[in-house]
Each structure stands twice: as structure tokens, then as C-alpha cells.
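The values are calculated or read from the model by the stated rules, or taken from the named source; none is laboratory data. Nothing here was measured: the structure is a model prediction, and the numbers come from that model. Here the Cβ is made from the backbone with ideal geometry for all residues, glycine too, and neighbour counts use every protein chain on show. Surface accessibility is based on the protein's heavy atoms, side chains included, excluding ligands, DNA and RNA. Shrake-Rupley method; radii C 1.70, N 1.55, O 1.52, S 1.80 Å.
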Amino acid sequence: MKRLILIAAVFIMSMVAVAQRKLVVSADKLLNPVAPTMWGVFFEDINFGADGGLYAELVKNRSFEFPTALMGWRENRSSYDKGRILIINKATQETNTRFARVTIEKEDGNYALSNEGFRGMGFHKDKQYDFSLMARVLTPGAMQLKIQLLNNAGTVIGSAAINDVTTEWKKITASITATDTAQRGKLNIVFEGEGIIDIDIISLFPKDTWKGRPGGLRNDIVQKIADLKPGFLRFPGGCIVEGKDLTNRYQWKTTVGNTDDRTLIMNRWNVEFRHRAAPDYYQSFGLGFYEYFLLAEDIGAAPLPIINCGMACQFNSGEVVAMDELQPYINDALDLIEFANGAITTQWGKLRNDMGHPAPFNLQFLGVGNEQWEPQYIERYKVFEKAILAKYPNIKIVSGSGPFAEGEYFNYAWKELRHLQPSLVDEHYYKPPEWFLKNANRYDNYDRSGPKVFAGEYAAHIKGNPAAAEGMNSWEAALAEAAFMTGLERNADMVQMCSYAPLLAHADAWQWRPDLIWFDNLKTVATPNYYVQQLFSTNRGTHVIAITEEGKPLTGKEGLYSSAVTDAETGTLIIKVVNNAATAQMIDLNIMGLKIKKAAVVIQELSTKDLSSCNKLSELEQVKPDTKEALLAANKLLYTIPANAVAVLKIPVKKK
Ligand code: AHR
């Protein structure tokens, strides 16, 4: 008897636990198109995202151009009088002013220079590495170099010999295969013989770069970005565009042309946060605007460059260029459009052609300023807008609304911009998960009379300071973002571009977290937030359709959020459901407006009960999508969404 009561109690409890929700999809009423740019990526050189990350160069400070000329380098010698180094500065040269002169006086003993890379160098067993340097000797024939890859313990795991240095500067290359894997390896150059040698631009790249381009990008990181199938690529930031002051701003013209001549500057994240200082963080611009355009093209994303609008970071110096001296900044904007789209007979189109891309990059969007605020922004923005649209009326300008998602600066910017002609206004929200959950209806009643919205930087920031670098990328945060994103999708007429930020972080060298993709010198890991982004971006659809409960959109009642689209190209209804409740919920789904006798439904699910779960580089992923199938019959589907879950239901229907 007791046992029966117990079973009955468990049965009733389980009935109570799985609440039933009756959702109705109006499949035949296409509401608004979803822009192809809806879900994109925001790239900034923060957290060693470019140098030390996406840009596959393994040598830090390869040309001795860091202010501390030997930063990243170390001399190793058997005795002090064996060898020495001088840094020679040819200040008359416009670019790459320094080189190193190594003098070896005695043949016995040894002298070597090692480079520590970016928190070490990653070498993969059996993979090939391309070494190069510029060199000349002052006394011919007397010196040889041994190039070595060292593992974490300092053991040689690959080497090559160089003995053809001449008295003329020339580029010398060598290919080295690593015999072992090392996460924090080093490059070592041993100087043998006797004499004086000048060296510069010492470089080491994996052979296996993205698309096999020499001096290119890290394959595994690009692949992760490409797998998001982003609709756009915003670059190069972020605050990096503004600079701490105007001299530290991002100037795209210094990032194109021959890589060796690109002038290095300090990365503003070097000094931004005292608790995460990175004194060795500089921008070599090996990854510059040409490479960003190429990357966008490779991954099928619309390029969205952002340019400085004559204002440095208002949180830092607040330095602005005088209004009557704005022209060079405007020229940078106009010349950039010419660089991307101009005929190869134009000055900047020619440079694009000379760099290897005669075809235009089809630039359609241009951002003017990042997180600027108050009248000083609007007055500068107006000048940019006038000049850009006068010459290029089809360019869609993206303006900013400042760093905050609401409040005085935000309201002022929108009030002014509504009467101007930006196509999109960039909004940023780094907020706690609760904010995202509460704001799933943020755009439901937005004023639709003016520009559209670019949700340009967002991420849910949980409380606390988890020990693991990846710990802030918890499932709690990702789930809240998913809930919010249903609101973005429902309002796809108003919100036409969205990107999580920042995109990349090196686990040993980050300044800001959470981030979408973590990496170390050997591998990458997708965060739960990444999988949420991917579920949305790879299931974008073409038109919004309504999904309601009792005639109302689902914006969080009892933890349930939902949005729906149809994909006219593939003939699929795509329904996103987010359950932020701690219990499972039964979805009783009714498709209206179409007759579907039977359909095999594919369900992609992301779920885990533990909200603090995250994916770490050192472990198997805890949160990753799972795929199931279900049968829809006579327009109906019963589906139980687990507690704390995001689900995408794909229902094949007839193509229009
Ligand atoms: O994404 C990190 C920073 O956050 C960006 O550089 C800036 O735009 C925002 O404040």
C-alpha cells in the first residue's frame, strides 16, 4: 500500500513538474524578412585576439620595434665575452627602423637568442613551420645560424641550418618539422662561428594556415569563426578603433601594403586594466584591413569596418580632433571605400589590386565611431555622414549610441540620429543575465520610424570571478542570451545585425571576459555562448513568423521564450524555444495555416541542469548541442523541452 502511494506521488509530482504549454505557429503569414546580416561576428584585437591569436605569427616583436627593443627576446650565452647584441635604429627610415646586430667574438662556447612567443609558442608534432629572417653578415662566410624549435622543457624538437647569409640584406627561409607537440615552446637561434651579423623581421609561421596562405591566419581559429556562418564581420573593434588618445587610434592606412612596413603601435588593452596588464601587447598589423576584408570574403560575411570619427576613447583621454581639422579623418573613410570597392585605376583600388585582389570587396556598410557620446560625437558624425553619402550614396552607415544600453547618452544619441541618415544605430549591452531575460521584449515596441538597430556588442556577465578563464562563459549567461535573442529575431524588421562581443580570448593572456571562443597556443574551445550563437546563425531563416501562447509572444512567462522563422529557400519552419525554468516543460505545438500530415522534425538541443557549467580548453565540452528527431502529425507536435534548455525545431514543409 505504502509503495502504491509512493508511486502515485511520484507520478503526480512528475505531472506537476512538466508544465504543458500550448504554442501556436502562424506558418502562412510571413511577417518580416530576416536580413542576411542578422547574426554576425564582432572581432577586436583584445585578449591577444590578433597578434598571438588569429594572426598565426609565432614570434613576438619580430622586428625589434617594440619600445623595449628586446621585449620577448632573451640572450643565452656560455660566457659574457662570447657574444653581444646591439639594436641599431635607422631613424631616417620611415618604417621598420630597427634591426639587431649580433657580434660573436670567439668561436668556442655558444651564443643564442630565443623568442618566447605569445605566452609560449604552440608546435604540433609532425607539422611544418616556416622560418624566415632578413640578414646580412659584415664578414662573409664566417657565421652560420642554427634555428631550433624548443619544447616547454627547452629540448630541441626541430631544427634547420642557415649558412648562406651574404653581405647584402636578403630574406632567408627554412622549413622545420616539429618532432613533438609543445604548448609553450620557443624559437632559438644559435649563432655559430665568428663575426658580425645583422638580423631583422624574424618570423615563424605554421605552414598549415587558413587556406594555406603563407604568413596567414590560424586555421583552427578561423574554422571556428567560419562554422558560425556569420552574416557579417565587424572589425577591428571596439575601443581599439578609438585608441587611448588620438595618436593611439586605429589608422587603417598603416595596416595595408607590405607587412614588413606596417608601423606597430601599442595595443590599448596593454595598459587598460591594471589587474590584467599586458606590457607586451602591441599591434604589428600583420593582420590589417586587407586581411580582414579577405577573411570576410572567405567566410561569406559582409565586411563591416569601423573607423575612427576624430575622437579618442572618452573613458580615457576624451581627446577629440578640432572640427576644422577633421578632413584627414573623413579622407580615411572615403579612401577606405575606394580601397574596398574602387576600380583598380584609382589610387586605393590599385593598392588592393597590387596586394592581390583586383575584384572589389563589395563593401556595403561602414561604421563611424564606436562608443562615443554627447554633442561632440553628433557634430562630427554629421560631417562624416554628409561626405560619405555625397560620394557614396549607397553605403550604409552604422553610427553609435554610446557605451550604455539606456540613459542620458543613449537617449540623446537616438534623439539626434533618428533625424539623420545612418542605416543602423549600434547598441551595446554588457549586462547581468537577469537583464537579458527581462529585455526579451526590448524591441517589441521600438520606434520604427528611423534607423534600424545593430546590436553590435552584447554578452551576459555573471557575478563572481571564476578561477577558470572560461568560467564567465557559463550556461546561465548563454541561456539568458538565447532568451534575449528570440526577441531580436522576433523584431528582425528593426534589428538587422547582431554580434556577441568580444569574439576571441587567449586563455593565458586575456584582459576581458566572457568571450565567445577561447584558445591557447594549440587549440580552441567553443563556449556555450558560441553554441547559442551558432544555433541562431545557422538557422537564420528568411522570414519571421508568429509564435504565440494565448495570442501573445513568449517573452518569459514561466521561463519560456520563443521565436519562429520560415526558410523559404529550404522549405523549413524553424522554431526556437528557450526554457529558463528549472523544470522541463511540455510544448504542445500547433502549426496553423499549412496542412502537414506527417513530418520528421529535427530538434537541436542545448541543455544542462548546472547553470555554472562551462566549456574549458582542458576538458571535454560540458555544453554542446545534441540532435534528436520527433514526429509531427496532423500539424501537431508534443515536445518536452528540458529544464534550462535552448531548442531549435526544424519542420520540413513545402517550398514556396
Ligand atoms: O568588447 C570589449 C569592449 O567593450 C569594446 O572594445 C568596446 O566597444 C566595449 O566597451
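Listed highest first by mean packing, meaning other Cβ atoms within 10 Å per residue, what order do 194-204, 124-134, 406-416 come in?
On the way: 194-204: 19.7, 124-134: 17.7, 406-416: 15.7.
By packing density, highest mean first, the sequence is 194-204, 124-134, 406-416.
Within straight-line reach of Lys90, meaning a Cα separation under 19 Å, sit the following aspartates and glutamates at least 8 residues removed in sequence or on another chain: Glu65, Glu168, Asp198, Asp200, Asp260, Asp261. Of Pro360, Gln183, Ile651, which is farthest along the charge dipole of the chain in the positive direction, counting Lys and Arg as +1 and Asp and Glu as -1 at C-beta? Going by the charge dipole, the pick is Ile651. Projecting label points 7 angstrom from Cα along Cα→Cβ for Asp28 and Asn152 puts them 6.4 nm apart.
For the chain, what is the calculated [θ] at 222 nm in deg cm²/dmol (nearest 500), taking -39500 (n - 2.57) for each run of four or more DSSP H residues and dividing by its residue count? Walk me through the intermediate numbers first.
Numbers: 11 runs with 120 residues, N = 656.
Helix contribution divided over all residues of the chain: -5500 deg cm²/dmol.
Think of the chain as a dipole: +1 on every Lys or Arg Cβ, -1 on every Asp or Glu Cβ, centred on the Cα centre; then among Phe285, Ile197, Trp39, Trp39 lies furthest on the positive end. Contact order for the chain, expressed relative to its length and based on alpha carbon pairs under 8 Å spaced 6+ residues apart, stands at 16 percent.
Across the alpha-carbon set of segment 73-206, the Rg to Rh ratio works out to 0.97, Rh being the Kirkwood radius. Summarising the label geometry, the points placed 7 Å from Cα in the beta-carbon direction at Asp447 and Thr548 lie 2.7 nm from one another.
Using the heavy atoms of the protein chains alone and a 1.4 angstrom probe, what is the accessible area of segment 73-206 per residue in square angstrom? Before the final figure, lay out each step's value.
On the way: 6290 Å² over 134 residues.
Here the residues of segment 73-206 average 47 Å² of exposed surface.
Of all lysines in the structure, the ones whose alpha carbon falls short of 16 Å from that of Lys60, not counting any fewer than 8 places away in one chain, are Lys186. Segment 255-272 and segment 165-193 have Cα centres spaced 24 Å apart. With the whole protein complex present, Arg490 retains an accessible surface near 50 Å², based on a 1.4 Å probe.
Skip the ligands, DNA and RNA, and give the accessible area per residue of segment 490-609 with a 1.4 Å probe, whole Å². Show your work: numbers first, answer last.
On the way: 3550 Å² over 120 residues.
On a per-residue basis, 30 Å².
Evaluate the relative contact order of segment 478-518 (contact order divided by residue number), counting alpha-carbon pairs under 8 angstrom at least 6 apart; express in whole percent.
Details: 24 pairs, mean separation 11.7, N = 41.
The value is 29 percent.
Taking the Cα atoms only, what angle lies between the long axis of helix 289-298 and the longest principal axis of the chain, rounded to 10 degrees? Around 50 degrees separate the two axes. Backbone N atoms of segment 178-212 closer than 20 Å to the 7 Å Cα→Cβ label point of Trp169 belong to residues 196-204. Ignoring any ligand, DNA or RNA, what whole percent of the accessible area of the chain comes from carbon and sulfur when the probe is 1.4 angstrom? The value for the chain is 53 percent carbon and sulfur by accessible area.
Protein-only accessible surface at a 1.4 angstrom probe places the residues Tyr531, Tyr430 in the order Tyr430, Tyr531, largest first. For segment 612-656, the alpha carbon positions stretch 46, 24, 14 Å along the principal axes, listed from largest to smallest.
Only Lys, Arg, Asp and Glu count, each charged at its Cβ (+1, +1, -1, -1), so figure out the dipole size of the chain about its Cα centre, rounded to 20 debye. Please list the in-between numbers first.
Numbers: 72 positive and 74 negative charges, 441 e Å.
It works out to roughly 2120 debye.
Measuring with a 1.4 angstrom probe and ignoring ligands and nucleic acids, Ile87 comes out at about 50 Å² accessible. Straightening the chain between Glu297 and Lys438 buys 47.1 nm, computed as 0.36 nm per residue apart minus the Cα-Cα spacing.
Each residue of segment 621-633 was assigned a 3J(HN,Hα) from its phi angle through the Karplus curve 6.51 cos²θ - 1.76 cosθ + 1.60 (θ = phi - 60°); the sequence is 5, 8, 10, 8, x, 10, 10, 10, 10, 8, 10, 9, 10 Hz, with glycine and proline shown as x.
What net charge is computed for the residues neighbouring Asp493, neighbours being all others with C-beta under 15 Å from the C-beta of Asp493, Lys and Arg scored +1, Asp and Glu -1? Intermediate results must be reported in sequence, preceding the final value.
Numbers: positive: Lys29, Arg442, Arg448, Lys452, Arg490, Arg540; negative: Asp444, Asp447, Glu489.
Counting the neighbours of Asp493, the net charge comes to +3.
Treating only the Cβ atoms of Lys and Arg (+1) and Asp and Glu (-1) as charged, compute the dipole magnitude of segment 73-206 about its Cα centre; round to the nearest 20 debye. Kindly include the intermediate steps, with their values, before the conclusion.
Values: 17 positive and 16 negative charges, 82 e Å.
Roughly 400 debye, rounded to the nearest 20.
Farthest toward the positive end of the dipole of the chain, out of Leu295, Ala100, Val602, is the Cα of Val602, where the dipole comes from beta carbon charges about the Cα centre.
Work through the residues other than Lys616 whose Cβ is under 12 Å from its Cβ and net out their charges, Lys, Arg +1 and Asp, Glu -1. Could the numbers behind the result be given before it?
Working: positive: Lys523; negative: Glu470, Asp520, Glu619, Glu621.
Computed value for this residue: -3.
Here Asp610 and Gln421 are evaluated by their C-beta separation; at R0 = 60 Å the FRET efficiency comes out at 0.80. Taking max minus min of the alpha-carbon positions on each principal axis, the chain gives extents of 93, 71, 44 Å, largest first. Extension gain for Glu379 to Glu406 (0.36 nm times residue separation, less C-alpha to C-alpha distance): 7.6 nm.
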